[in-house]
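The values are calculated or read from the model by the stated rules, or taken from the named source; none is laboratory data. Keep in mind it's a predicted model, so treat the numbers as computed, not measured. In this analysis, Cβ positions are derived from the backbone assuming ideal geometry, glycine residues included, and neighbour counts consider all displayed protein chains. Each accessible area value is taken on the protein alone, full model and side chains, heavy atoms only, with ligands, DNA and RNA left out. Shrake-Rupley method; radii C 1.70, N 1.55, O 1.52, S 1.80 Å.
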Amino acid sequence: MAVQCTFSIIKPDATRRNLTGAVNAMLEAAGLRIIAQKRLRLTEERAKAFYAVHKDRPFYDDLVKFMTSGPVVVQVLEGENAVDKNRQVMGATNPAEAAEGTIRKTHAISIEANSVHGSDSPENAKIEIEFFFTPEEIVG
Ligand code: CMP
């Protein structure tokens, strides 16, 4: 399997609890390299655009409100099979269903405040990376 990039967000529930380093340590322990990273506050407009694919879901408005409630850390992760590897390290969307040792099992509070986002495919990883980063900001 070739080296891949994926996109990750450390969400407001995790930055609020000072867990950026703890999450990063779990990503790095899994063999993912953080090759770009910045902390920012999403505006309502940017959060709506990022999650546009969910705009008809009942949780969309609450999701946008939550994602704009505090700082996030957006990242590009590089590694062998990075998209799937990151999804394994994150664990299931709902922390109640996440496996032991995953980020969400260890740190997440609820299905909404679930600490991290990760791309679900290489195609979406590319779109999501380009939503937040210029090529100059990504240093592999
Ligand atoms: P994320 O990977 O960021 O993608 C969409 C997010 O919607 C998801 O993680 C959850 O945090 C959030 N969400 C809130 N409620 C639900 C729900 N009922 N089902 C799926 N995702 C939800």
Residue among Ile109, Ile127 that is of a type in the set (Val, Ile, Thr) and under 14 Å from Cys5 (Cβ atoms): Ile127
Within the bounds of the range 9-20, is there any residue that is part of a helix (DSSP H, G or I), over 13 Å from Ser115 (Cα atoms), aliphatic (A, V, I, L, M) and open to solvent by less than 40 Å² (accessible area, probe 1.4 Å)? no
Counting just the residues of the range 25-49 that are without any contact (Cβ under 8 Å) to a residue 24 or more places away in the chain and either touching a strand residue (DSSP E or B) at 6+ places or on another chain (Cβ under 8 Å) or among the aliphatic types (A, V, I, L, M) (or both), which one comes out nearest to Pro71 (Cα to Cα)? Ala47
When you look at Asp62, is it surrounded by fewer than 20 Cβ atoms within 10 Å (Cβ to Cβ) and not aromatic (Phe, Trp, Tyr), yes or no? yes
For the range 21-59, give me each residue that is β-branched (Val, Ile, Thr), within 16 Å of Ser119 (Cα to Cα) and open to solvent by 30 Å² or more (accessible area, probe 1.4 Å). Ile34, Val53
Checking Ala113 against (1) in contact with a helix residue (DSSP H, G or I) (Cβ under 7 Å, 6 or more places away or on another chain); (2) of a type outside the set (Val, Ile, Thr); (3) surrounded by 21 or more Cβ atoms within 10 Å (Cβ to Cβ), which test does it fail? (3)
Can you say whether Val139 is of a type outside the set (Ser, Thr, Tyr), in contact (Cβ under 8 Å) with a residue 40 or more places away in the chain, within 13 Å of the ligand (Cβ to nearest atom) and under 20 Å from Leu27 (Cβ atoms), as far as the supplied structure shows? no
Residue that is nearest to the ligand (Cβ to nearest atom) [pool: residues in the range 50-80 that are in contact (Cβ under 8 Å) with a residue 60 or more places away in the chain and more than 16 Å from Ile9 (Cα to Cα)]: Gly79
